[in-house]
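A.B. asks: Here you go, one structure.
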Amino acid sequence: MINNAIARRYAKALVQLGSEKDLIDRFSQELKVVSGVFAGSAELRAAFGNPAFTADQKKQIMRDLIARMQSSELVANFLLLLVDKNRVACLSEIVETYEKLADDQSGVIRPMITTAFALDDSQVSAIKAALEQKTGKKVVPQVKVDQSLIGGVVTQIGDIAYDSSVKTQLARIHDILQKG
């Protein structure tokens with residue numbers, strides 16, 4: 001819970017800064033790269049979690065990483081601030097929260113569309129257009145296949161699910177028949 005509050009505070013500040021400079025998308029890309037490097041390197045995570053490394057050594061490691069990633073000055077300063085405040089361990093949560101806040105700021109939703117069979121591009125475009133019309137926001141769909149649905153589509157937008165799958169309809173019919 002504390003890490004969520006910390007992540008939200010840092011992410012919110014970065015979104016506000018990105019919004020002022022019209023760099024929200026660039027920050028997002030840079031943060032994803034840095035977060036990916038941390039996720040893929042146990043040694044890097046261990047170095048920042050190891051109290052044997054001094055703050056200056058950790059800052060130098062971060063500077064080297066920033067130079068390799070060719071991060072913008074603002075993202076570089078943000079990452080160095082995380083080192084100063086000993087919050088590098090929260091980086092993945094900060095990036096995740098940043099993505100959500102940036103989407104809210106930009107009017108973007110990322111629904112999860114689950115189908116029983118793979119959809120072609122025209123079907124995905126039709127669903128995307130319908131969701132954009134319904135929500136009034138830009139839609140960036142994420143599509144996955146779950147053959148257990150038998151047929152139909154389940155669309156998850158945040159906490160709301162639109163379930164028109166055959167599996168669910170059969171379960172409802174089964175419940176009705178059980179109850180008599």
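A.B. asks: Looking at region 132-169 only, could you name the residues that are over 17 Å from T115 (Cα atoms) and among the charged types (D, E, K, R)?
C.D. replies: Within region 132-169, E132, K134, K137, K138, D159 meet the criteria.
A.B. asks: Of all residues in region 122-153, which are open to solvent by less than 50 Å² (accessible area, probe 1.4 Å) and either polar (S, T, N, Q) or part of a strand (DSSP E or B) (or both)?
C.D. replies: V139, V153
A.B. asks: Here's something else I'd like to know. Answer with yes or no whether V33 is closer than 20 Å to K85 by Cβ, of a type in the set (V, I, T) and out of contact with any strand residue (DSSP E or B) (no Cβ under 8 Å at 6 or more places or on another chain).
C.D. replies: The answer is no for V33.
A.B. asks: Do any helices (runs of 4 or more DSSP H) entirely within region 1-57 hold 2 or more residues that are more than 16 Å from the chain's Cα centre (by Cα) and either free of Cβ contacts under 8 Å to residues at least 12 places away in the same chain or surrounded by fewer than 12 Cβ atoms within 10 Å (Cβ to Cβ) (or both), and if so, which?
C.D. replies: 2-21, 42-49
A.B. asks: Spot the failing condition for Q169; the list is (1) open to solvent by less than 70 Å² (accessible area, probe 1.4 Å); (2) part of a helix (DSSP H, G or I), and only one is missed.
C.D. replies: (1)
A.B. asks: Would you check which residues across region 155-179 are closer than 20 Å to I109 by Cα and of a type outside the set (S, T, N, Q) and list them?
C.D. replies: Of everything in region 155-179, those that are closer than 20 Å to I109 by Cα and of a type outside the set (S, T, N, Q) turn out to be I157, G158, D159, I160, A161, Y162, D163.
A.B. asks: Yes or no: S164 over 22 Å from the mean Cα position of the chain (by Cα), of a type in the set (S, T, Y) and on the phi < 0 side of the Ramachandran plot?
C.D. replies: yes
A.B. asks: All but one of (1) touching a Gly at 6+ places or on another chain (Cβ under 7 Å); (2) closer than 30 Å to T54 by Cα hold for S71, so report the exception by its number.
C.D. replies: (1)
A.B. asks: Does region 64-71 contain any residue that is touching a residue at least 24 places away in the same chain (Cβ under 8 Å) and not in a helix (DSSP H, G or I)?
C.D. replies: Scanning region 64-71 turns up at least one residue that is touching a residue at least 24 places away in the same chain (Cβ under 8 Å) and not in a helix (DSSP H, G or I).
A.B. asks: Would you be able to say whether some residue in region 99-121 is open to solvent by 20 Å² or more (accessible area, probe 1.4 Å), farther than 21 Å from V140 by Cβ, touching a residue at least 40 places away in the same chain (Cβ under 8 Å) and within 23 Å of the chain's Cα centre (by Cα)?
C.D. replies: no
The values are calculated or read from the model by the stated rules, or taken from the named source; none is laboratory data. Values in this document were obtained by computation on a predicted structure and should not be read as measured data. Ideal geometry is used to build each Cβ from the backbone, glycine not excepted, and the neighbour counts take in all protein chains shown. These area figures cover heavy atoms from the full protein model, side chains too; ligands, DNA and RNA do not enter into them. Shrake-Rupley method; radii C 1.70, N 1.55, O 1.52, S 1.80 Å.
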